[in-house]
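Encoded as structure tokens, the structure appears first; notes follow it.
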């Protein structure tokens, strides 16, 4: 289908042709129609970015034309021309999706400005939609921060499975963000308008876990004074996230398997069968396959929940995420604690990069919150970091007694370079980026300080 800028629809031939002449002179590609039916025929053959239409026309009036256009070409813009006596009709047109209206007698300047504004807005929206298609979906999400290649690859996989009904098993160490990833999957699924219900299986005894999952009837057990809905009922139409799934008892696992297979269950102590429609996401920080081999976890349930497996690497293996996460947490805790910290010093950042982060992202979050609170200046400096990070200064310090300033600085620089390379598995590109120097500069400094890659050639 060919396209043009503007279609003018008006049963007043003089108005129609004068508007077409004026707009064509301004550089627009313009067609005209003397009634609504003729305009509709033209629209079927040509795509118009904007339609300038009278409301009162014989055969097919402007409002009916609007309904036809919006039904077939919802992104087309329509501006109505109306007399002072038909303002109500123009307001009704706005409610139906018209962009704006112009009253008669037509003010040429106002009309041109309205058309210009409408087409510029349309162009901006088209640019945004194009950008949105080119970017990965997670790059438009402000609730998850990832830059490291291992995590961007993971999120590419997440977006392949998010809008499906497949069960997902998220694995990784404690504190890596399994709960956040589960919520992220829910937000990017067709169930996003439904509830997201979360439960840690490791925090409850067997009886309480079954009660929380499936609910119970009055008198089912001691202190069950009234009936209670379970998480599967609460999550109906949405997503349920079961963390520490490895902690579920074998008896509870049987009931979970039934819910997965048949979408039905009974409340504890009850006989009525309840049907549920939920998407199940589970998580564990242990090797479930190993638990299956030890007969601590049912193999049939393992295969049911492991349709899609997502592994979140520990923070020490995704160093590219540390600095962006630090910036993210600084902004968050600035708001929480009414601070104005601008960032983190390079030396403090190096200490963060050298740390092993056994508590992963959760530990980093706590460290940055503490540092934001303790900081008196504009930047987080090594002095405000907790002891487990400050003590790593020993890794980047050397005995500088008796050395000149230049020699002492060179010694410290060599230690920093060596430790950064080691932490980044001797990846020079990543190390150079984190140290904010070029790869050539890094190579030259390595040669200057006789820093050699300790790996064997066949390991590189």
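No lab work stands behind these numbers, since they all come straight from the coordinates. Source: prediction; values computed, not measured. Positions of Cβ are generated from backbone atoms using ideal geometry, with glycine treated the same way; all protein chains shown enter the neighbour counts.
Here are the numbers for this structure:
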{"quantity": "Share antiparallel - DSSP beta bridges, the chain, percent rounded to 5", "calculated": "10"}
{"quantity": "Sequence ranges 13-20, 434-441, 245-252, 219-226, ranked by mean other-Cβ count within 10 angstrom, highest first", "calculated": "245-252, 13-20, 434-441, 219-226"}
{"quantity": "Peptides ranked, highest mean first, by Cβ atoms within 10 Å: ranges 374-381, 233-240, 4-11", "calculated": "4-11, 233-240, 374-381"}
{"quantity": "Cα centroid separation, the stretch 181-205 to the stretch 333-371 (Å)", "calculated": "27"}
{"quantity": "Rounded to 10°, Cα long-axis angle of helix 439-448 versus longest principal axis of the chain", "calculated": "20"}
{"quantity": "Scattering profile of the stretch 163-277 at q = 0.16, 0.19 Å⁻¹ [log10 I(q)/I(0), Debye over alpha-carbon scatterers]", "calculated": "-0.77, -1.06"}
{"quantity": "Relative contact order of the chain, defined on C-alpha pairs under 8 angstrom at six or more residues apart (%)", "calculated": "10"}
{"quantity": "Residue-averaged 222 nm ellipticity for the chain, from DSSP H runs of 4+ at -39500 (n - 2.57), nearest 500", "calculated": "-14000 deg cm²/dmol"}
{"quantity": "C-alpha long axis of helix 322-337 to longest principal axis of the chain, angle in °", "calculated": "80"}
{"quantity": "Whole-angstrom gap from the stretch 14-37 to the stretch 246-307, using each part's C-alpha centre", "calculated": "68"}
{"quantity": "Reported label for calculated mean projected area of the Cα convex hull in nm² given [x] 36.8; [y] 26.9; [z] 24.3", "calculated": "[x]"}
{"quantity": "Exposure proxy ranking, count of Cβ atoms within 10 Å, fewest first, for 67, 255", "calculated": "67, 255"}
{"quantity": "Burial ordering of 205, 189, fewest other beta-carbon atoms within 10 Å first", "calculated": "205, 189"}
{"quantity": "Sites residue 72 and residue 24, calculated FRET efficiency, Cβ-Cβ separation with R0 25 Å, nearest 0.05", "calculated": "0.45"}
